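In what follows, a single structure is set out as structure tokens and then discussed.
The values are calculated or read from the model by the stated rules, or taken from the named source; none is laboratory data. Here the structure is a predicted model, which is why all the values come from computation and not from measurement. All Cβ positions, even for glycine, are placed from backbone atoms using ideal geometry, and neighbour counts span all protein chains on display. Areas reflect the complete protein model, heavy atoms only, side chains present, ligands, DNA and RNA absent. Shrake-Rupley method; radii C 1.70, N 1.55, O 1.52, S 1.80 Å.
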Amino acid sequence: AGESAEMTRQLVALGYVEDHEEDAEKAAMAARLEADYNVAQVYLSMDRAEEAVPLLARCLRVRPWESRYIHQLANALEKAGRARQSLELLLAAYPESDAERPLPVIRMIMARALLAMGEKDEAWAQVSRAAHGLPRISGACVELAEICLELGKLEAAEQAARRALVLEAESAAAWQVLAGIHLRRHEDEAAVEAGMEAVERIWQSGRSHFIIGLALARLGRNEEARTALERAAAMLPKDPGPWRVLAVLEEAREGREGSEGGFVRDACRERARYL
């Protein structure tokens, strides 16, 4: 109890929670909410969104008016694969008929949820409305680029990725998106170069190694491709993609599918659709 009281006093002093000196119960509740919220942020940063959901839901039940709880619960639901619940929460909180329209960052969460539900036209509508109002932050531009890439809007994706690099030249995530854009356009040498820019900044970027491996395979540089794909497979243990492309290369090596070069190029082009 003493430690809890001391923590509450420290949180008040730092301005993290309101001062309820005359109401110890309210002060304790405020401290618990802040602790739950912060733990949920840690879970989200570790790709453990499902564990963040109940913490944020509890926060929202206590303070249903607090916008950060709404935003982060919707974000956690979407990342946990519960896209419809995420969208329903945001639509209930921000009806389109209200004078207070959803902020661009909220529209981005809506777009991700709609994309997960297969509603690509609606997702693009939300992204288009969000694009001009996003904060000038590299991470927001990268997220916009990623969604545009998934929607197949390559020009918009490239604009957003390059804007991210203007804001933060060392953004590995922006270079990774550019690599994916070049891969979709069959600009394989440019895809390798952009992918290398990404892994030079963050080596443990399995998706970037995967893109490099695919591009190298399409260029006929199969041994180098195998190295990149083996790295990707080690870094992405739940993703079967790298192993599938390695299997394609192995089939070509054994000569089971006729002309190695043409077979590899065609098979890897097909795999690139799913990046």
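Summary table
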read-out	value
Candidate lysines - alpha carbon under 16 Å from residue 120, same-chain residues fewer than 8 apart omitted	153
Rule-of-thumb Rg ratio for segment 37-120 [Cα; 2.2 N^0.38 Å; N residues]	1.03
Segment 140-161 residues near the modelled residue 128 label - backbone nitrogen below 15 Å, point 7 Å along Cα→Cβ	148, 151-157
Efficiency of FRET from Cβ geometry, residue 238 and residue 66, R₀ 45 Å, rounded to 0.05	0.85
Net length gained if the chain between residue 45 and residue 103 were fully extended (0.36 nm per residue, minus Cα distance)	18.7 nm
Probe 1.4 Å, all protein chains present, accessible-area order of 175, 203, largest first	203, 175
Per residue accessible area of segment 88-216, 1.4 Å probe, in Å²	47 Å²
Cα gyration tensor shape for segment 142-208, rounded if a/c is under 1.5, else prolate or oblate	oblate
Positive-end residue of 194, 219, 233, charge dipole of segment 186-236 with Cβ unit charges	233
Hydrodynamic radius of segment 77-223 per Kirkwood, over alpha carbon pairs, in Å	16.0 Å
Spherically averaged projected area of segment 27-79 from its Cα convex hull (nm²)	3.1 nm²
